[in-house]
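Since the structure comes first, as structure tokens, the remarks are kept for the end.
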Amino acid sequence: MQVLGHIMGGAAALLIGTASLATAQEKTDFRVAWSIYVGWMPWGYLEASGIMDKWAAKYGIDIEIVQINDYVESINQYTAGAFDGVSATNMDTLSIPSGGGVDTTALIVGDFSNGNDAVILKGEGTLADLAGKPVNLVELSVSHYLLARGLDSVGLREADLGSVINTSDADMIAAFQTDDVEAVVTWNPLVSTILEDPGATKLFDSSDIPGEIIDLMVVNTDTLAANPDFGKAMVGAWYEVMALMAAGDEAALSAMAEASGTDLDGYKAQLASTEMFYDPADAVAFTQSPALPETMVSVAGFLFDKGILGEGAPSADFVGVAYPDGSVTGDENNVQFRFDTTYMQMAADGAL
């Protein structure tokens with residue numbers, strides 16, 4: 001799954017730049033960033049296929065979809081104002097732009113990880129057997145969050161482990177083959193590769209915490225408010241591709257597979273552990289669910305405990321998160337993250 005940056009809190013605040021200082025205004029040209037992940041491959045297809053251009057033209061605007069090879073860097077650039085939107089997880093949105101003071105709206109709730117992220121032990125055992133053992137993962141990432149949730153389910157804490165060893169995702173597969181590594185937490189396609197080892201045992205995965213690791217397209221709140229056609233074009237284009245995927249369009253799926261470095265079967269396998277919201281009505285229902293605020297409170301608590309919720313955050317309630325029904329978790333006077341179903345509902349109603 002995606003990596004959380006190590007530039008959180010204060011450093012993120014330094015990156016705000018003109019994003020929060022400039023008054024948002026009507027405009028016709030927009031830039032959106034995305035990075036490689038199973039649930040975000042449609043953004044690359046939107047750009048390459050011309051579907052994004054078609055929808056942008058419908059509303060008399062231009063939207064450039066830009067691939068950024070480094071996920072964290074894409075969020076940093078959005079936070080600094082270089083992009084009007086970016087693909088990001090709920091956790092990373094809360095910690096980087098929202099924690100740094102950039103008011104951000106989840107325009108599209110695309111999917112949640114439903115098995116793509118996993119805790120894997122070398123040899124037989126259970127989560128309880130991680131006590132006293134070293135665990136390799138990308139620190140401060142959704143892997144770290146998944147581990148915390150897994151340990152909590154069996155009454156353990158991170159302090160009960162032997163250690164947590166920061167390991168690059170690029171090195172994870174090789175690390176698992178070494179004698180020193182006893183357990184890892186990582187994401188697909190690395191999970192699938194590691195589990196090919198007959199000695200590997202999956203202890204816990206994101207399907208055990210369904211709906212908590214959420215993949216979004218987030219946009220600058222002020223920009224969206226001043227330019228509703230930007231939201232309409234983005235959402236309209238997205239759900240045109242969702243319809244193709246839901247119908248099993250092999251040309252579209254094969255293009256996404258190739259762009260992500262796998263084949264059609266490999267991409268379908270990754271989609272199988274991703275709960276994609278192909279139907280906008282399903283995305284709306286998920287976003288309006290009472291489970292979402294509970295998830296965000298849990299995520300905020302994790303980020304605060306790790307010291308990465310925002311510069312000088314006094315508590316886990318530092319950042320306010322607003323929901324479609326008008327409710328807020330966190331500080332109502334510092335709402336910087338908003339879940340808005342307006343445009344997804346328009347898609348569901350055929351009103352775009």
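The values are calculated or read from the model by the stated rules, or taken from the named source; none is laboratory data. From a predicted model like this one, the values you see are computed outputs, not experimental measurements. In this analysis, Cβ positions are derived from the backbone assuming ideal geometry, glycine residues included, and neighbour counts consider all displayed protein chains. Accessible surface is based on the protein model in full, side chains and every heavy atom, while ligands, DNA and RNA are left aside. Shrake-Rupley method; radii C 1.70, N 1.55, O 1.52, S 1.80 Å.
Quick notes
- For the chain, the longest principal axis of the alpha carbon atoms and the long axis of helix 250-259 meet at an angle near 60°.
- log10 of Debye I(q)/I(0), alpha-carbon scatterers only, for segment 229-332 at 0.10, 0.15 Å⁻¹: -0.47, -0.86
- Virtual spin-label span in nm between Ala259 and Glu294, 7 Å along Cα→Cβ: 3.6
- Heavy-atom accessible surface of the chain, averaged per residue, reaches 38 Å², computed with a 1.4 Å probe.
- Computed helical MRE - 222 nm, the chain, DSSP H runs ≥ 4 contributing -39500 (n - 2.57), nearest 500: -10500 deg cm²/dmol
- With the biggest extent put first, the Cα atoms of segment 165-306 measure 56, 43, 25 Å across the principal axes.
- One chain, two ends: Ile165 and Ala131. Fully extended at 0.36 nm per residue, the span grows by 10.8 nm beyond their Cα-Cα distance.
- Remark on segment 154-205: Rg and Dmax equal 11.6, 31 Å (Cα only).
- Count, lysine Cα pairs under 26 Å in segment 111-268, 8 or more residues apart or across chains: 4
- Value of Rg to Rh for segment 83-167 (Rh from inverse mean 1/r over Cα pairs, i.e. Kirkwood): 1.06
- Length added when fully stretched, Asp180-Lys54, from 0.36 nm per residue minus Cα-Cα: 40.1 nm
- Share, in percent, of DSSP beta bridges within the chain that are antiparallel, nearest 5: 60
- Maximal additional length on extending the Ala251-Ala225 stretch stands at 5.8 nm, based on 0.36 nm per residue less the C-alpha distance.
- Net charge over other residues, Cβ less than 15 angstrom from the Cβ of Ala247 (K, R count +1; D, E count -1): -3
- Here the chain has an Rg and Dmax of 19.6, 60 Å, counting Cα atoms alone.
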